[in-house]
1. Against the definition (free of Cβ contacts under 8 Å to residues at least 40 places away in the same chain, more than 14 Å from every other protein chain (Cβ to nearest Cβ) and closer than 18 Å to residue B:224 by Cβ), how does residue B:54 come out, yes or no?
2. State whether one or more residues within segment A:334-342 are in contact with a helix residue (DSSP H, G or I) (Cβ under 6 Å, 6 or more places away or on another chain), touching a residue at least 12 places away in the same chain (Cβ under 8 Å) and within 14 Å of chain B (Cβ to nearest Cβ).
3. From the list A:313, A:305, A:295, pick out the single residue that is touching a strand residue (DSSP E or B) at 6+ places or on another chain (Cβ under 8 Å), in a helix (DSSP H, G or I) and under 30 Å from residue A:191 (Cα atoms).
4. Report yes if some residue within segment B:42-55 is outside any helix (DSSP H, G or I), crowded, with 21+ Cβ neighbours inside 10 Å and over 11 Å from the mean Cα position of the chain (by Cα); otherwise report no.
5. Would you confirm whether or not segment B:111-119 contains a residue that is surrounded by fewer than 16 Cβ atoms within 10 Å (Cβ to Cβ) and under 20 Å from the mean Cα position of the chain (by Cα)?
6. So residue A:329 fits all but one of (1) within 14 Å of chain B (Cβ to nearest Cβ); (2) surrounded by 23 or more Cβ atoms within 10 Å (Cβ to Cβ); what number is the exception?
7. Yes or no: segment A:319-331 includes at least one residue that is within 25 Å of residue B:116 (Cα to Cα) and assigned by TED's automatic domain parsing to the domain that holds residue A:178.
8. From the list B:158, B:103, which residue is within 21 Å of the chain's Cα centre (by Cα), more than 14 Å from every other protein chain (Cβ to nearest Cβ) and at pLDDT 90 or above?
């Protein structure tokens, strides 16, 4: 049995890798390559899905790695075919998915909620801005890690009271942080540039070795939007893989017990303060990583981006997608990637003046309304609805 | 004596009290809802602003200030009652993050609708009293007729709420419904109705607050104008204890004074850092607030 499972897994993995390679080598021109790559990747997904129940039991980590690779693979293939605007939206959405993963973990594992993750994104975004200002030649990976660590540190400080707090108090505290973030940036205006923010000295370009591997004609790497979208997607894949493992780990299980019954958790030896602070810190670190990617994509960072409204938007996305779950976070990221386009389409369709009051507030009204409706009628969001429907369908 | 009244410290104290009463009102409004329904109303500021827009933007600009104020309070009562009946009621007994999320959603919807109808640009409200500070020997005292009116109005609102709770049958029923809903239901208190009344009362207090804020603070009336005030009001309520109306009001007043001194002696950007630090320290030392007797959470 184990051998059969292993070989199926091997086939799935191999097909996915083949897909990546084919697309990578031929993508510069032909549409056929993309179609081929997509097909093979879908096959890979299929092979993986077929062997899932058994593989999940025997090799959970490999399964998660495989799923992450396939998701990344499909998304990267997508970026080769769409326009620059769409690519920038994809990059923004992928980074947002990382933020949502962090918030989903906080809620799914400890039952707490943060209204300040927009400000934690700002911490990461400004870390990249400040660092790039001083050391433009640092490798991308190092910059991203730095931003993540900065977010984790700020999260740790703000999370300390979380050891003794219950839901509403923590939510209120993070709200105060989100509202205060602009003023805090102003306190350190010599670093953060005050109200005007920071501009990166030069656009992020693909590393030379990677660009040369794809050959001089590789249009996907020379146009920065596609390249940045791919970077965002790959980073999202890594974040997704780590988060899936964290959810399933001993720490993750202990945290879910804290969420469901904190007294029972304490009785079996889980340290409540530690579990809560860890959850909060991880969510802040993920938010900072997402914010760091935003700075790279936008080539600049402005304090007005990271206001209170962003924190509410993050909450809306994660609740609509399905709070406390990994698929919910991914769905939320996809919604965000397409929301700007959808709202401008709606504005045009309703015949609204694009510069008018109503059009500029449409996203707030829609997101807020969906947020209220979701929490009242379908508290587990789209992911919960899909899971529910799937179970009913299987029972027949 | 004259120079004492215009001295730096007295000016800070007066300015601090003027903004402190506002934080105290917001804190009181939050405590009213927390005590009865165990929810933190994150839409408090947005609901208050919305009621203020109804009072001051729908009516003609020439409308008498007091009529507008009355309409705003009435709108607050209605908005609070409707919100409790329609949005909050289905959420009783759900996990504690559900009402938080719902209230944040309401906040976003109300602020966006207000901005869609009345635009995000600031609107100056007509004030019944001058906002220019009184002069003493050609030096300003940090108190204007409007600030005095603001302080007195706040104290009157607090006194009305306190009197209502302490001396009326309705107040007794409100307290009973909050403390022991099951027992009070058996004794004939309409608990559901009491919760609605609590929300109406809280939102009406919020409407008065927002009217005062929009007329005196430099920002005027804007859809998101209460966000910052709400944050300070929440900090006051959390430090004083969400269970203690007196604690919330005292700490609101005290915070106003502290912030004024910090703003004057350090700088205005430092205020929010000091506020956050105070909140974090106080929550770590006394998670239930300074004025609340510590109670064990029951399993």
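The values are calculated or read from the model by the stated rules, or taken from the named source; none is laboratory data. Note that this is a predicted model, so its numbers are computed, not measured. Cβ sites come from the backbone with ideal geometry, for glycine too, and all protein chains shown count toward neighbours.
1. On the way: free of Cβ contacts under 8 Å to residues at least 40 places away in the same chain: yes; more than 14 Å from every other protein chain (Cβ to nearest Cβ): yes; closer than 18 Å to residue B:224 by Cβ: yes.
Here the answer is yes, as residue B:54 does meet what is asked.
2. No, segment A:334-342 has no match at all.
3. Details: A:313 fails: touching a strand residue (DSSP E or B) at 6+ places or on another chain (Cβ under 8 Å); A:305 fails: touching a strand residue (DSSP E or B) at 6+ places or on another chain (Cβ under 8 Å).
That would be A:295, the only listed residue that is touching a strand residue (DSSP E or B) at 6+ places or on another chain (Cβ under 8 Å), in a helix (DSSP H, G or I) and under 30 Å from residue A:191 (Cα atoms).
4. First, the residues of segment B:42-55 that are outside any helix (DSSP H, G or I): B:42-43.
Then drop every residue that is not crowded, with 21+ Cβ neighbours inside 10 Å, which leaves B:42-43.
Okay, now just the ones that are also over 11 Å from the mean Cα position of the chain (by Cα), so B:42-43.
Checked segment B:42-55: at least one residue is outside any helix (DSSP H, G or I), crowded, with 21+ Cβ neighbours inside 10 Å and over 11 Å from the mean Cα position of the chain (by Cα).
5. no
6. (1)
7. Within segment A:319-331, one or more residues are within 25 Å of residue B:116 (Cα to Cα) and assigned by TED's automatic domain parsing to the domain that holds residue A:178.
8. B:158
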